[in-house]
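Heads up: the structure comes next, in structure tokens.
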Amino acid sequence: MVRPSSAVSHRGNLPRVGRMAPRVTARRWLREGTGELHRAAEECVAILDDRAGRATYESYLAGMLGFHLAAEALFEAHAELSQTPFDVDGRRRSRHLEADLTAMGAATDVPSCHLGVQSDTLARALGVAYIVEGSTLGGRHVLKRLPPNLVELRGVATRYLEGYGPATGSRWRQFLVLLEGAVDHPAARASALRAAQATLAALIRHLQP
Ligand code: HEM
């Protein structure tokens with residue numbers, strides 16, 4: 001599935017940072033700059049393939065758990081992020097992945113993802129958080145389109161795909177307020193984008209068999 005924005009965007013079309021129109025939001029900047037990598041991540045995940053079965057789904061959950069644990073550790077250790085309204089604990093979705101794996105009778109001691117993302121500034125940490133929080137939006141789409149062999153897991157081992165449930169939209173908007181406020185000049189946008197791209201690239205490497 002192509003997410004709405006990515007059909008028209010790829011890195012080659014990005015405006016130069018210095019020439020960026022004032023109305024380009026940080027969110028749009030990040031969405032357009034990560035479109036290609038998002039498509040690659042979707043392919044890697046493969047849980048929407050007609051032939052996807054429990055084994056594919058289980059390895060998706062395990063891979064995402066290793067990714068979320070690494071991102072959560074990064075957020076937890078980030079001094080500047082802890083001074084913002086970003087609710088590290090409340091946004092911890094590794095527990096949803098652990099619950100889903102447990103519901104499937106699978107192990108939760110998974111290999112951690114090596115993020116390798118430079119995240120020393122708030123802009124960079126928010127670039128990582130953009131990927132982690134944005135994935136709540138895709139999850140809902142996936143949930144509606146589960147392939148035949150996975151439909152029986154809906155409501156049983158799909159807590160992660162539900163994101164924040166009915167609060168998903170409002171929590172995403174809260175995150176965007178923080179993002180737009182903190183990533184408000186070209187240099188910050190450029191570093192947030194590099195961090196977001198590096199995060200997706202690390203996830204793709206981590207998910208590859
Ligand atoms: C089969 C896998 C996936 C599908 C089908 C999918 C699909 C989508 C869709 C349809 C949207 C737009 C949702 C909306 O605007 O309401 C979206 C947004 C997003 N997804 Fe995914 N996604 C997948 C996997 C992932 C993964 C693994 C990540 C990263 C961990 C991710 C990160 C994002 C981000 C950051 C956005 C927000 C983009 C924005 O609107 O600014 N997605 N995805």
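The values are calculated or read from the model by the stated rules, or taken from the named source; none is laboratory data. Predicted, not measured: the structure shown is a model, and the values here were computed from it. Positions of Cβ are generated from backbone atoms using ideal geometry, with glycine treated the same way; all protein chains shown enter the neighbour counts.
Identify the residue in the range 115-163 that is within 15 Å of the ligand (Cβ to nearest atom) and farther than 21 Å from Glu42 by Cβ and, among all such residues, is surrounded by the most Cβ atoms within 10 Å (Cβ to Cβ).
Leu126
Pairs under 7 Å by beta carbon, first residue more than 27 Å from Ala103 (Cα to Cα) in the range 153-179, partner assigned to a helix (DSSP H, G or I) and of a type in the set (Phe, Trp, Tyr), six or more apart or different chains?
Leu179/Tyr130
Given the criterion among the polar types (S, T, N, Q) and under 19 Å from His78 (Cα atoms), identify the matching residue among Thr199, Thr168.
Of Thr199, Thr168, the one residue that is among the polar types (S, T, N, Q) and under 19 Å from His78 (Cα atoms) is Thr199.
If you go through the range 44-52 one residue at a time, do you hit one that is part of a helix (DSSP H, G or I), within 30 Å of Leu150 (Cβ to Cβ) and at pLDDT below 95? Break it down stepwise before answering.
The initial filter retains those residues of the range 44-52 that are part of a helix (DSSP H, G or I), namely 44-45.
Subset that is within 30 Å of Leu150 (Cβ to Cβ): 44-45.
Those still in the list that are at pLDDT below 95 too: 44-45.
Yes, the range 44-52 has at least one match.
Any residue in the range 64-73 that is assigned to a loop (DSSP other than H, G, I, E, B), touching a residue at least 60 places away in the same chain (Cβ under 8 Å) and among the hydrophobic types (A, V, I, L, M, F, W, C)?
Scanning the range 64-73, I find no residue that is assigned to a loop (DSSP other than H, G, I, E, B), touching a residue at least 60 places away in the same chain (Cβ under 8 Å) and among the hydrophobic types (A, V, I, L, M, F, W, C), so the answer is no.
Could you list, in sequence order, the residues of the range 141-162 that are in contact with a helix residue (DSSP H, G or I) (Cβ under 6 Å, 6 or more places away or on another chain) and over 24 Å from Arg92 (Cα atoms)?
Leu150, the sole residue that qualifies.
Select from the range 86-113 the residues that are within 16 Å of Val132 (Cα to Cα) and outside any helix (DSSP H, G or I) and list them in ascending order.
Once the filter is applied, which keeps residues that are within 16 Å of Val132 (Cα to Cα) and outside any helix (DSSP H, G or I), the range 86-113 yields Phe86, Asp87, Val88, Asp89, Gly90, Arg91, Arg92, Arg93, Ser112, Cys113.
Can you run down the residue pairs with Cβ atoms below 6 Å, 6 or more apart or on separate chains, where the first is in the range 193-209 and aliphatic (A, V, I, L, M) and assigned to a helix (DSSP H, G or I) and the partner is within 12 Å of the ligand (Cβ to nearest atom) and modelled with pLDDT under 95?
Ile204/Cys44; Leu207/Cys44
Looking at the range 62-74, can you tell me whether even one residue there is at pLDDT 95 or above, loosely packed, with under 15 Cβ neighbours inside 10 Å and more than 18 Å from Thr136 (Cβ to Cβ)?
Looking for residues that are at pLDDT 95 or above, loosely packed, with under 15 Cβ neighbours inside 10 Å and more than 18 Å from Thr136 (Cβ to Cβ), one finds at least one in the range 62-74, hence yes.
Does Gly116 fit the bill of being farther than 24 Å from Ala202 by Cα and assigned to a loop (DSSP other than H, G, I, E, B)? Walk me through it before giving the result.
On the way: farther than 24 Å from Ala202 by Cα: no; assigned to a loop (DSSP other than H, G, I, E, B): yes.
Here the answer is no, as Gly116 does not meet what is asked.
Can you find a residue in the range 165-185 that is in contact with an Asp or Glu (Cβ under 6 Å, 6 or more places away or on another chain), within 13 Å of the ligand (Cβ to nearest atom) and farther than 22 Å from Asp87 by Cα?
Looking through the range 165-185, none of the residues is in contact with an Asp or Glu (Cβ under 6 Å, 6 or more places away or on another chain), within 13 Å of the ligand (Cβ to nearest atom) and farther than 22 Å from Asp87 by Cα.
Select from the range 196-207 the residues that are crowded, with 16+ Cβ neighbours inside 10 Å and more than 12 Å from the ligand (Cβ to nearest atom) and list them in ascending order.
Matches in the range 196-207: Ala198 only.
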